[in-house]
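Below is one structure, written out as C-alpha cells; the observations come after it.
Every number in this text was worked out from the coordinates using simple rules, so none of it is lab data. Source: prediction; values computed, not measured. Here Cβ is always computed from backbone atoms with ideal geometry, including for glycine, and neighbour counts include all displayed protein chains.
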Amino acid sequence: MKGAVENVLDRSSKVQLRDGSIVKLDNNAKNLILQALHEMSTSALRCLGFAYKDELTNFEGYNGNDDHPAHQLLLDPSNYSSIENELIFVGLVGLRDPPREEVYQAIEDCRAAGIRVMVITGDNKNTAEAICREIGVFAPNEDISSKSVTGRDFMELRDKKAYLRQSGGLLFSRAEPRHKQDIVRLLKEDGEVVAMTGDGVNDAPALKLADIGIAMGIAGTEVAKEASDMVLADDNFSSIVAAVGEVGSYSIHYLD
C-alpha cells in the first residue's frame, strides 16, 4: 500500500527496520517518521509512505478473477478500512517535481492583471507551502498562517466566503474532490468568475462546475477533458494566462 505518509502511518501497527526485523510501531518510532516527513516536505518534496500486510488469508489464490470471494469484497469500498489496517510500515520516499521555468512569470502576470491564483492540492501542507513560495504564489518570507489551510480545516470554518475574499493567493492542501467542488461553488455564489485546471478523474466534477474548466491535454484523463471547456495541448499554465489575455473577460481563481 502507498499513500500520504500520515494516512499510511494511521493504518500501521508495526514497522520494518533496516535489518528486516519487524517491531511494534510505538509513539517514538512514529514521531521519528513524522520528523523525517517534516524535513522532506519543507524542502518541497512530495512524500509517499509505503506499507504492506502479510496476513491476507481472504485473498489467497486471488488474481483478479471475479469468481473469487475476495472479488466481491473489493467491490464494496466500505470494506477497505477493514482490509487496510494492521499494516507493516516500511518507509517513505520524497519525490522532486520541479516547477516549469515559465510558471513563476505566469503567476506574476496573473497578479499584475488582478487575477487571483488559488492552489488546491492533495499534497502535504508543508510540501504545498514550499512549492507555492517557490513559484511565487506566496513571497519567500510572507506570513501565510491565514492563507494556508487543509481542505478539512477550510470546511470547518464558519464563514468560508470571508476566507475566500482575502487578497492574494490562497492554498488548500490535503484537499479531497468534494472540497474542490465546494470551493468552486462558494466562489461562484460570491459573484466570482472561476477557471479551474485539473487532470484527474476526481477533478471532473469541479471542472464541470467552474465557469471555465481547463484540462491538461497530455497528462489529463479523458474524463477530465470531457468535463472541461478548454484543453491545454502543452499542459502549460502560462498558456492559460495567454488565453486570458486574448479574451480579456475571464479570471483565473485557482490552479490544481
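Where both partners of a DSSP beta bridge lie in the range 15-113, what percent of those bridges are antiparallel, to the nearest 5? About 90 percent, rounded to the nearest 5. By the Stokes-Einstein formula, at 1.567 mPa s and 4 °C, the range 1-76 with its Kirkwood radius over alpha-carbon pairs has D equal to 88 µm²/s. Note on Asp190/Asn27: beta-carbon distance plugged into 1/(1 + (r/R0)^6) with R0 of 45 Å gives a FRET efficiency of 0.55. In terms of overall dimensions, the C-alpha atoms belonging to the range 40-99 reach 46, 24, 21 Å along their principal axes, ordered largest to smallest.
Sorting the Cα pairs of the chain by distance into bins of 5 Å, from 0 upward, gives 1, 6, 11, 14, 16, 15, 12, 10, 7, 5, 2, 1, 0 percent per bin. Considering all different alpha carbon pairs of the range 139-243, the Kirkwood hydrodynamic radius works out to 14.5 Å. Compactness of the range 98-143, taken as the C-alpha radius of gyration over 2.2 N^0.38 Å, stands at 1.13.
Would you mind checking the pairs Lys125/Lys161; Lys188/Lys225; Lys53/Lys125 and listing those with alpha carbons more than 26 angstrom apart? From the list (Lys125/Lys161; Lys188/Lys225; Lys53/Lys125), the Cα-Cα distance tops 26 Å for Lys53/Lys125. For the options Ile135, Ile214, Ile22, a Gaussian network treatment of the chain with springs between C-alpha atoms closer than 10 Å singles out Ile22 as fluctuating the most. Placing a pseudo-label 7 Å from each Cα along the Cα-to-Cβ vector at Asn79 and Asn58 gives an inter-label distance of 0.6 nm.
Working ranking of peptides 173-186, 54-67, 193-206, 71-84 by packing, defined as the average number of other Cβ atoms within 10 Å per residue, highest first, is 193-206, 173-186, 71-84, 54-67. Across the range 1-129, Cα-Cα distances exceeding 17 Å account for 69% of all pairs.
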